[in-house]
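Reading through the structure tokens given below for one structure.
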Amino acid sequence: MNAEARTDDSAGILLVDDMEDNLIALEAVLGSLNEPLVRARSGEEAMKALLRRRFALVLLDVRMPGMDGFETAANIKRLDQTKDVPIIFLTGTDDSGYAFRGYATGAADYLTKPFDPWVLRAKVSVFLDLHRKNRQLERLLARQQSDYQEVGKRLAALEDELTDAQRTQVKELRRLLEKR
């Protein structure tokens, strides 16, 4: 992958946790992925960060003072700008009700602490790869749209050069083609 594409696709990972030790641990586990890691210490900070820049993924603690993880996730999924950002919930609570609520809120995954660093890194890598592929598709679609517009302009220019008799013939050809 060239450096330009790498920079384009490097949307970053938002780490949301009110505990400094947890943020440090996440940075240690995910630092080797060479993607920007952005910290937020609350749901409110997370929402501000999400509105400022694009993220490939959010790692979100469930239990935080103020706006908890579930409320933060609901706000993320409610906004058009952020609704497609995948969320992995991280929590110290091994309560199946929390997991159900997390998935119901729109989480892509749910892990309990302490988490296996290899598992977390593997899951995050999958979401980063999906993000890169989505960005690549967006660029291809934009290029295709641009190509179609260019062809349309060229056809319009050619039609302008046609005589009235030739225009009539073109219209007849279109009518015949539309019947098939």
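The values are calculated or read from the model by the stated rules, or taken from the named source; none is laboratory data. This structure is a prediction, so every number in the text was calculated from the model and none was measured. Neighbour counts run over all protein chains shown; Cβ positions are idealised from the backbone, glycine included. We work out accessible area using only protein heavy atoms, side chains counted, and drop any ligands, DNA or RNA first. Shrake-Rupley method; radii C 1.70, N 1.55, O 1.52, S 1.80 Å.
Close lysine pairs were tallied over the range 1-143: pairs 8 or more places apart or on different chains with Cα atoms under 20 Å apart number 6.
In the assembled protein chains, Glu161 presents an accessible area of approximately 140 Å² (probe radius 1.4 Å). Sequentially through the range 45-50, phi angles give Karplus couplings (6.51, -1.76, 1.60; θ = phi - 60°) of 4, 4, 4, 4, 4, 5 Hz, Gly and Pro residues having no value and appearing as x.
Under a 5 Å amide H cut-off, with hydrogens placed 1.01 Å from N, Leu90 pairs with Leu60, Asp61, Val62, Leu111 among residues at least 5 apart or on other chains. In the range 88-180, the convex hull through the Cα atoms has an average projected area of 10.7 nm², a quarter of its surface area. Ranked by solvent-accessible area (1.4 Å probe, protein heavy atoms only, all chains present), the residues Arg154, Arg53 order from largest to smallest as Arg154, Arg53.
Can you pull the percent of Cα pairs in the chain with separation above 19 Å? That fraction is 65 percent.
Positive end of the dipole of the chain (Cβ unit charges, origin at the Cα centre): among Leu14, Leu30, Ser146, the Cα lying farthest that way belongs to Ser146. Rolling a 1.4 Å probe over the heavy atoms of the protein chains gives the chain an accessible area of 63 Å² per residue.
Length gained on full extension, Leu79 to Thr93, computed as 0.36 nm times the residue gap minus the Cα-Cα distance: 2.3 nm. Toward the positive end of the charge dipole of the chain, with +1 on the Cβ of Lys and Arg and -1 on the Cβ of Asp and Glu, the farthest Cα among Ala49, Pro117, Gly66 is that of Ala49. Charge dipole (Cα centre; +1 on Lys/Arg Cβ, -1 on Asp/Glu Cβ; no other charges) of the range 78-180 amounts to roughly 120 debye.
Tell me, what is the percent relative contact order of the chain, built from C-alpha pairs under 8 Å that lie six or more residues apart? Computed value for the chain: 17 percent relative contact order. Run the quick spin-label model on Gln144 and Ala156: label points 7 Å from Cα toward the beta carbon, then report their separation in nm to one decimal. About 2.2 nm, to one decimal. Values of log10 I(q)/I(0) for the range 34-133 across q = 0.12, 0.17 Å⁻¹ run -0.35, -0.74, by the Debye formula with one identical scatterer at each alpha carbon and no solvent. A cut-off of 5 Å between modelled amide H atoms, ignoring neighbours fewer than 5 places along the same chain, links Ser42 with Asp17. For the range 29-119, a simple Cβ point-charge model (Lys and Arg +1, Asp and Glu -1, everything else neutral) yields a dipole of about 360 debye relative to the Cα centre.
Remark: the range 22-31, residue by residue, has Karplus-estimated 3J(HN,Hα) of 5, 5, 4, 4, 4, 5, 5, 6, 9, x Hz, where x stands for each Gly or Pro and the curve is 6.51 cos²θ - 1.76 cosθ + 1.60 at θ = phi - 60°.
Per-residue 3J(HN,Hα) values for the range 99-109, derived from phi via the Karplus relation 6.51 cos²θ - 1.76 cosθ + 1.60 with θ = phi - 60°, read 4, 4, 5, x, 5, 5, 6, x, 5, 7, 7 Hz in sequence order (x marks Gly and Pro). About its Cα centre, the dipole of the chain is roughly 760 debye, where the only charges are +1 on Lys and Arg Cβ and -1 on Asp and Glu Cβ. Entry note, the range 88-180: relative contact order of 20 percent, from Cα contacts under 8 Å with a spacing of 6+ residues.
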